[in-house]
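A.B. asks: The structure under discussion is supplied below as structure tokens; questions concerning it will follow.
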Amino acid sequence: MPGLYRVRSPRFRFPADIASLRTELFNAFRRGIVCAILRHLVTCPVDPVSFIRRLPKAELHLHLEGTVTPETLVELSARHDSSPLDLSQAAALFQYTDFSGFLLAFKAITEHLRTPDDYELAAWRMAQRLARQGVVHAEVYVSVGVVYYWRRCEFEPLFLGMERARLRAESELGLTIYWIFDAVRHFGPEEAARVFRKAAELRPRYPSIIGIGIGGDERRTGAEPFRDLYAEARAAGLRLTAHAGETVGPEGIWGALNIGAERLGHALSAIHDPELMGILAERQIPLEICVSSNLRTGCCPRPEDHPLRRYFDAGLMVTLNSDDPALFLSDLDNEYRIAQDTFAFTQEHLRELASNSIEASFLPAERRVEILRRLESLE
Ligand code: ADE
Ligand code: ZN
């Protein structure tokens, strides 16, 4: 095991008389016990951080653009801007005070991703960070909706850059990645149709495109206008996800379920609706919970208001995720640590959360079983 070292005992020297023999033996005995305790502490996996890191887990709610750090943004800006951003100017783009401000910051960062090489760089850096956290599989949202709406450019060439990084991550890091094409709901169903149809068109050639989703501002557009598009996407073999109940009440979650969403992003407001809680528990609808995101955007005012623990105790299918780690100053490891430190999840609970992430993934059954076995046997 890495980081282990042998605890060495001082040499025993035979004493000159009985009294010192007794003392020597007693000291040796005491040293033995101390050594045994030290050895136990050193060899036992009591370090919860390393346990979290070693848990094979999946990240199911992660936006590629939201993984771009200020440092990477500086590099991107140097590639393209006539007066490139310095680090403090880049960091300023990551500032926001509420959910609407957060969406604007997300857009500003996305605007700096312009070429296939930019997307490749962002995806490769993301993959490296995921692998360092013990993530073995990620299902990553990419805001195709922002590219179409604000930049009016073709997405496929950019996608090829992401694919290069994905293939490299698989061969060099053993990390698998699926892509979820995300539309911006408040741009409306016509814009979403372009996104979903592009996913359907590309999927036969790129099976890493696993599904579609809607992000953006639920307060402006609910799920219902996307009903037919969701049916069309399902018929094209795409899996269906939706941000739901992040900034609005339980009606946003009912809406997402009603149009066929299989997995829900955030689902923060389900706690206010006992009937909905019952349905989510009974149908074991996976929830992509993102605690730091909810606290930083102000969607959840205080940690003690967050329903994570109550969902888990009610038997809901909870997974932990980081959403936009560079904007929320977090990562998946940290989300597990928050579950442990703030919500009193035990090591076994954390193992269950990791299992949920694998079960709720869109991976084929054989790979899920193989990872779940590794998870079970982890000490
Ligand atoms: N786009 C990126 N992150 C998002 C979030 N948390 N909610 C809605 N849209 C998003
Ligand atoms: Zn999100």
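FYI, it's all coordinate maths here, none of it is from the lab. Since the structure is predicted, the reported quantities are computational estimates derived from the model, not experimental observations. All Cβ positions, glycine included, derive from the backbone under ideal geometry; neighbour counts span all protein chains shown.
A.B. asks: Could you work out the relative contact order of the chain? I mean the mean sequence separation of Cα pairs under 8 Å and 6+ apart, divided by the number of residues, in percent.
C.D. replies: The normalised contact order for the chain reaches 16 percent.
A.B. asks: What is the fewest-to-most order of V135, V369 by other Cβ atoms lying within 10 Å of their Cβ?
C.D. replies: Result, fewest neighbours first: V369, V135.
A.B. asks: Let me ask something else. Give the span of the chain's Cα atoms along each principal axis, as three whole-Å numbers ordered largest to smallest.
C.D. replies: 95, 55, 42
A.B. asks: Counting other Cβ atoms within 10 Å of each Cβ, which chymotrypsin sites (Phe, Trp or Tyr not before Pro) in segment 168-214 have at most 13 and sit in a DSSP loop?
C.D. replies: Numbers: sites: Y178, W179, F181, F187, F196; in loops: none.
Nothing satisfies the criteria.
A.B. asks: What's the exposure ranking of L240, L375, going from fewest to most Cβ atoms within 10 Å?
C.D. replies: Starting with the residue having the fewest Cβ neighbours, the order is L375, L240.
A.B. asks: Taking every DSSP beta bridge with both residues inside segment 49-377, roughly what % is antiparallel (nearest 5)?
C.D. replies: 0 percent
A.B. asks: In the Gaussian network model of the chain, springs joining C-alpha atoms below 10 Å, which of I52, I289, I271 carries the largest mean-square fluctuation?
C.D. replies: The residue with the greatest mean-square fluctuation here is I271.
A.B. asks: Moving to a separate point now. If neighbour count is taken as other Cβ atoms inside 10 Å, put H349, H266, H272 in order from fewest to most.
C.D. replies: Exposure proxy ranking, most exposed first: H272, H349, H266.
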